[in-house]
Amino acid sequence: MTGLRPELAGVLTRSRGDFEEILAGSDLVVELIGGIEPARAYVLRAMRAGRHVVSANKQLLSQHGEELWATAREHGVQLRFEGAVAGVVPVIRVLQESLAAARVERVHGIVNGTTNYVLSEMARAGLSYADALRQAQELGYAEADPTEDVTGKDAAAKMAILARLAFSTPMHLDQVIYEGIEHITADDLEYAKELGLALKLIGTAERVDAGVSVRVHPAFLYAGHPLASIDGPFNAVTVESDAITEITLSGPGAGGPQTASAVLGDVISAMIPPATTPAATARLPVVEDVVSAFYLHMEVADRPGVLAQIAEILGMQGASIKSVVQRGLGDNARLVMVMHPLLESRFYAAVRLIGQLDFMRSPPRAIRVIEEEFV
Ligand SMILES: NC(=O)c1ccc[n+]([C@@H]2O[C@H](COP(=O)([O-])OP(=O)(O)OC[C@H]3O[C@@H](n4cnc5c(N)ncnc54)[C@H](OP(=O)(O)O)[C@@H]3O)[C@@H](O)[C@H]2O)c1
C-alpha cells in the first residue's frame, strides 16, 4: 500500500545479536524487550543516534515518557507506541491525531484483558475469583504471575499514558491511584445483575476542577454505558469531549499477532512523516479526592434498627441511597445499596464508621459505580 518494504537489520535478545552493530545498519529500532532497563538505555541511544523508535513498553513510557519524548523532539525522530495501550486498538493515534483539536474531558478504559476476562467469567458462569483466574491462565489470557494485571498496575501504566496524551500534562505511573480485582467476590456480581449493573476494571482519566484525576479501580456500569458490554479478553476505550460527545474504540487488547499488527503499523507510520511527539503544554495538578457513586455490600445481623443506623451514618456524611436490595439469611441479612454520587473521602469515612457497628458480620465492601449512560 505504501510501496515501502521494511528489511530486518538484526535481532537482539539476551543471548543473540549486538546492539551497536544492529543500530549502525538500521533506520528504525523496535523495542519489545519490556521492563525499564536496559530498554530505556537502548531507546535513548537509538533516538540520540537519529533512529525512529517503536515500542510497546507501557511501564517504560509511563515512568520515563517525558525523558523519552524530549529526546525524540531534540533529535527530530519519532517515538511511536500504539502497542503499549489496548494492543491493536488504535487509541494512541486517535488521541494524538484524530482528536488533536478536541478538548478531551474524560477517558474511560478497559485496558487490561486479563482482568476483563476474569470478571466476565465470574459474572457469566458464577465462578470464584480464584477459579476464573486459573481458567484465564489455562487459556493463555493470564500470565503465570498475574500480579501486575490483577492489582491494576498494568492498567494504571496504560491510563498514565492515555492521560498524558489526552490532557498534554506530564503524568507518571506514581500519580495514578489504582486498585485491583483480587477482593471481588461472585456475590458482588450476582447482586449487580439484580441492580442492572456490569462490573469492570475501569481506568479513568478526567479533568476535575483545574486539575486531572487518573485512577484504576473496579466499577459498576449501567447497561447503557459503551463499556458495559465489553466482555472476555477484549479492551475498549471511550473518549468524551464536548466536540465529539463520545467515541468508543474496542478490540483485542493483547496477543502476539494483534500486538505485532500494532507494532508494524507504527513502523509504517514512522517511515511516512510527519513526526508527532507529544509536547507537554500544560502542568495540571493531580486531584485525588473525586466525586463518585458507590455500591455498598453489607452482611448484618437481622434485627430492628439496623437500616436506620446505617442510613444515619451515611446521611451524616451527605450520602444518599439510590437503591437497596435486602435479603434475609437466617439470623443475618445482606444489604446491598447503590449510593448517589458524593466525595470519595466522605463516603469512605461513613464506611469506616459502619464497619465499627456491632451488628456488622463482616467488613462492608464498597465498589464505585459509573453512572453515565450513552443511549
Ligand atoms: N504479549 C503481548 O500481548 C503484549 C501486548 C502489548 C504490549 N506488550 C509489550 O511488549 C513487550 C514484550 O512483551 P512480550 O510479551 O513479547 O515479552 P516476552 O515474551 O518476555 O519477550 C521479551 C523478548 O525480549 C528479549 N529480552 C528480554 N530482556 C532482554 C534484554 N535485556 N536484552 C535483549 N533482549 C531481551 C527476550 O529474549 P531472551 O529471553 O532470549 O533474552 C524476548 O525475546 C513488553 O513491553 C510488553 O509489555 C506485549
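The values are calculated or read from the model by the stated rules, or taken from the named source; none is laboratory data. The structure displayed is predicted, hence computed values, not measured ones. Because the Cβ atoms are built from the backbone with ideal geometry, glycine has one as well, and the counts that use them run over all protein chains shown. What goes into the accessible areas is simple: the full protein's heavy atoms, side chains included, and nothing from ligands, DNA or RNA. Shrake-Rupley method; radii C 1.70, N 1.55, O 1.52, S 1.80 Å.
Computed values, structure above
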| read-out | value |
| --- | --- |
| Pair list, Cβ under 6 Å, 6 or more apart: the range 247-260 residue under 16 Å from Asp154 (Cα atoms), other residue part of a strand (DSSP E or B) and within 12 Å of the ligand (Cβ to nearest atom) | Gly253/Asn235 |
| Hey, Leu44 touching a helix residue (DSSP H, G or I) at 6+ places or on another chain (Cβ under 7 Å), closer than 25 Å to Lys158 by Cβ and not polar (S, T, N, Q) or not | yes |
| Residue list for the range 34-57, filter: of a type in the set (A, V, I, L, M, F, W, C) and free of Cβ contacts under 8 Å to residues at least 12 places away in the same chain | Ala41 |
| Residue match in the range 117-128 (condition: out of contact with any Gly (no Cβ under 9 Å at 6 or more places or on another chain), buried (at least 24 other Cβ atoms within 10 Å of the Cβ) and β-branched (Val, Ile, Thr)) | yes |
| Residue that is farthest from the ligand (Cβ to nearest atom), among those in the range 262-309 that are assigned to a helix (DSSP H, G or I) and open to solvent by 60 Å² or more (accessible area, probe 1.4 Å) | Ala308 |
